[in-house]
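Read the structure below first, then the notes.
The values are calculated or read from the model by the stated rules, or taken from the named source; none is laboratory data. Computed from a prediction, not measured in an experiment: that's the story for all the values here. We place every Cβ from the backbone using ideal geometry, glycine too, and count neighbours over all the protein chains shown. Just the protein is used for accessible areas: all its heavy atoms, side chains included, with ligands, DNA and RNA removed. Shrake-Rupley method; radii C 1.70, N 1.55, O 1.52, S 1.80 Å.
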Amino acid sequence: MEAEETPKTLTELREENQRLRRALEELSILNQIGTVISSTMSLNGIVELIVEESVAQLNVEQGAVMLLQKMTEGDPFRTMARKAYSGSDIVPFRFGQQLTGWMLKNQKPLLINNVKEDDRLGAVSSGDLEIRSLLSVPLRAKGQMVGLLNVFNKQTEEGFTHDDQKLLSIIASQSAQVVENARLYEELQSKSADLQQSERKYRSLMQEAGEAILLADFTSRRIMEVNDEGVRVTGLPLDVIRGRPLSGIIPVDEFADAEAFERLAEAGRLQLSNIKLERRNAEPNYYDVNASLIHYGDHRAVQVICHDVTEREKLASHLRHHAEELENEVHQRTRDLRESQMRLVQQEKMAALGRLVAGVAHEMNTPIGTITSNADTLARSLVKLRGILSLDSCPEEVRNDRLLAQVLTVLDDISRINGLACERIVAIVGSLRNFARLDEAELKTADLHEGLDSTLTLVHHELKNRAVVKKEYGDIQSILCHPNQINQVFMNLLVNASQAVKDKGEITIRTSREGDIVVVQISDNGVGILPDNLQRIFDPGFTTKGVGVGTGLGLSICFKIVQDHGGRIDVESEVGKGSTFTIRLPLRSRPVAEQNQL
Amino acid sequence: MTAPDRTPVLLIVDDEEMVLTRLRSFFMLETEYEVLTFSSPAEALEAVKTKTHYCPVNDSLTGGNRLF
């Protein structure tokens, strides 16, 4: 039979009782620690509590919690709290470095009951003789050593026991995470305080900066902060600006939608030039806008700095305006020069043609005179021949010869037609000479009717199959002018008229006098001129004729010639009904020769 | 060349052949004159030595003209 439960000895029971009491104490300590932690969360408070309880529970003179400081050079431990038991003074503690060095290296509890005789911490100076015994355990959070929990000078004869070490280790393991949490929390608090400090600094900088600065939340794109200058620039009260969308104050696409904002976030910053900002009751100003992404407290924020460039813009726009004006002036002058050059070239061409025509006309004098004279002589010869044939002495058969009669008839016809042909040639040559008067440099008194008739003779070929010319000449005086130039005007207008009319065209030339002004009107019943073209019709280079047909210079030259004579030329036209050009010339022109000297 | 010819003579000098011909044609047809035409003044001068009565018709611009 197996024995029943062995009755426990008294010693065993006492030990059991002691264990239970310990466990109860441990629980009570932990409970206390937990209460303090939850109520205060202060690192100092927690550490003090831990030291206090450790000193009390382990019956020692002193205790200390040393926390490992991250990233610190030299001694990596900071002593957070040291507590002397029952009010006695804190003993100087000079071998901290040896102790912490050993603990860092070995990462396990250290128990020394006779410091003087133990060499694990090396030589101990006489000042440290007050430390007779020590127990040190690491504080571990998530496997990392974050500090040490130490107690010194056990107040019993036997010194530190393994139970003491176990108890201290339990306290350490229970409180390490709490201490670490409290430390982290405090760190956070301190960082947050730093942040608040930096926010204050930022705000003060913002205010002191001369530029308008707006700060908008990145996510909502609404304005959080604005400085005084920003209030002044927008002309809106502070409470109105706050909370407004950024794009409502600075109207640019880059601030208007979320996508554009994302691009700003990628680039980190954004620079915009010459943004126009409307202001209430004031002229709009222009700004260079510089936006950048910053951290403001715990926000991602967009800082927008507006640099006033209104003056610069005004100056630039002034300069641009000035440059434009200059440009225009240059264009205008170039155009004027080109026009006057074209006109000069054309006038020179006409003058050269005039000289040529006059030379040709002169050269034709002798041969035409000869033919004219010969035609007359031929006619006379025929009269004589007929006289001879009618004489009695002329044999009958000769007188009645049929061939002779035919020859005489042919000669009669030729003689008559030659005469007419000569008259025509003489008229044409005369017109040519009249038209191309070589006295162009001089003002001459000229009969405009004569000029019109000469011109008509020359354009006869153009007109004969197209139009009937009706002359309604009034009583006009001869005027002082450059006849060849005036004739050129007539010729241009007559040729234009002949090109405007279709079959059964009619061109009417009227002359009249209005006081000291002579009026010449050349009308046609042709196609007319479109109103749009009517305004540009005297512009150099303007032509509705095909390329290579018209130079576009004819009417501009007419305009110039008439203008140089102190007169004016006007046009009236109706599409489908015809056009009338009216030239008004003073009886006595201003001297033009001088004006032509460019 | 003994007795001087009494027929009146027209002496015409011009460097243009067509002028000479047209004048000669007209005068021969309409007058009794003998018509002499020359395109060179030198020839004309030579000719007048043999004639006593003549009426000169002369283009005074004709080159080398020394008739007057």
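Of the numbered conditions (1) more than 14 Å from every other protein chain (Cβ to nearest Cβ); (2) among the hydroxyl-bearing types (Ser, Thr, Tyr); (3) under 30 Å from A:ASN484 (Cβ atoms), A:THR370 fails exactly one; give the number of that condition.
(1)
Of the residues in the stretch B:7-18, how many are within 7 Å of chain A (Cβ to nearest Cβ) and either assigned to a helix (DSSP H, G or I) or at pLDDT 90 or above (or both)? Working first, answer last.
Here is the first cut: in the stretch B:7-18, the ones within 7 Å of chain A (Cβ to nearest Cβ) are B:16, B:18.
Imposing the further condition that a residue be either assigned to a helix (DSSP H, G or I) or at pLDDT 90 or above (or both) reduces the set to B:18.
Going through the stretch B:7-18 one residue at a time, the tally reaches 1.
So which of A:LEU270, A:LEU264, A:LEU214, A:LEU277 is more than 29 Å from A:GLN189 (Cβ to Cβ), at pLDDT 85 or above and touching a helix residue (DSSP H, G or I) at 6+ places or on another chain (Cβ under 7 Å)?
A:LEU214
Checking the structure you have, find out if any residue of the stretch A:393-405 is touching a helix residue (DSSP H, G or I) at 6+ places or on another chain (Cβ under 8 Å), among the polar types (S, T, N, Q) and without any contact (Cβ under 8 Å) to a residue 40 or more places away in the chain.
The answer is no; no qualifying residue exists.
Within the stretch A:430-449, does at least one residue satisfy the condition of being open to solvent by less than 70 Å² (accessible area, probe 1.4 Å), among the hydroxyl-bearing types (Ser, Thr, Tyr), over 22 Å from A:ARG355 (Cα atoms) and touching a Ser or Thr at 6+ places or on another chain (Cβ under 8 Å)?
no
Given the criteria within 14 Å of chain B (Cβ to nearest Cβ) and free of Cβ contacts under 8 Å to residues at least 60 places away in the same chain, does A:ARG380 qualify?
yes
For the stretch A:257-269, which residues satisfy the criterion of being open to solvent by 60 Å² or more (accessible area, probe 1.4 Å) and outside any strand (DSSP E or B)? Break it down stepwise before answering.
So the first thing to find is which residues in the stretch A:257-269 are open to solvent by 60 Å² or more (accessible area, probe 1.4 Å), and the list is A:257, A:259, A:262-263, A:266-267, A:269.
Matches in the stretch A:257-269: A:ASP257, A:GLU259, A:GLU262, A:ARG263, A:GLU266, A:ALA267.
Could we say that A:MET364 is more than 10 Å from every other protein chain (Cβ to nearest Cβ), open to solvent by less than 70 Å² (accessible area, probe 1.4 Å), more than 22 Å from B:THR31 (Cβ to Cβ) and within 54 Å of the chain's Cα centre (by Cα) here?
Against the criterion (more than 10 Å from every other protein chain (Cβ to nearest Cβ), open to solvent by less than 70 Å² (accessible area, probe 1.4 Å), more than 22 Å from B:THR31 (Cβ to Cβ) and within 54 Å of the chain's Cα centre (by Cα)), A:MET364 does not qualify.
Among what's in the stretch A:469-488 and is out of contact with any strand residue (DSSP E or B) (no Cβ under 6 Å at 6 or more places or on another chain) and polar (S, T, N, Q), pick the residue that is least open to solvent (accessible area, probe 1.4 Å).
This residue is A:ASN487.
Looking at A:LEU43, is it modelled with pLDDT of 75 or more, of a type in the set (A, V, I, L, M, F, W, C), crowded, with 19+ Cβ neighbours inside 10 Å and farther than 11 Å from A:VAL178 by Cβ?
The answer is no for A:LEU43.
Out of (1) in a loop (DSSP other than H, G, I, E, B); (2) within 17 Å of the chain's Cα centre (by Cα), the odd one out for A:LEU272 is which?
Failed condition: (1).
Among the residues of the stretch A:202-256, which ones are small (Gly, Ala, Ser), over 13 Å from A:CYS306 (Cα atoms), in a helix (DSSP H, G or I) and touching a residue at least 24 places away in the same chain (Cβ under 8 Å)?
Of everything in the stretch A:202-256, just one residue is small (Gly, Ala, Ser), over 13 Å from A:CYS306 (Cα atoms), in a helix (DSSP H, G or I) and touching a residue at least 24 places away in the same chain (Cβ under 8 Å), namely A:SER247.
Name the single residue that is nearest to the other protein chains (Cβ to nearest Cβ) among those in the stretch A:337-361 being among the charged types (D, E, K, R) and open to solvent by less than 70 Å² (accessible area, probe 1.4 Å).
A:ARG343
For the stretch A:271-279, state whether one or more residues are out of contact with any Cys (no Cβ under 8 Å at 6 or more places or on another chain) and under 26 Å from A:SER198 (Cα atoms).
yes
Name the residues in the stretch A:173-190 that are open to solvent by 30 Å² or more (accessible area, probe 1.4 Å), touching a Leu at 6+ places or on another chain (Cβ under 6 Å) and within 13 Å of A:GLY45 (Cα to Cα), would you?
A:GLU186
Do we have A:ASP413 as within 24 Å of A:ALA427 (Cα to Cα), among the acidic types (Asp, Glu) and within 10 Å of chain B (Cβ to nearest Cβ) here? Show your work before the answer.
On the way: within 24 Å of A:ALA427 (Cα to Cα): yes; among the acidic types (Asp, Glu): yes; within 10 Å of chain B (Cβ to nearest Cβ): no.
Answer is no for this residue.
Taking the residues in the stretch A:383-398 that are open to solvent by 90 Å² or more (accessible area, probe 1.4 Å) and either of a type in the set (Lys, Arg) or under 23 Å from A:CYS422 (Cα atoms) (or both) as candidates, determine which candidate is farthest from the other protein chains (Cβ to nearest Cβ).
Selected residue: A:ARG386.
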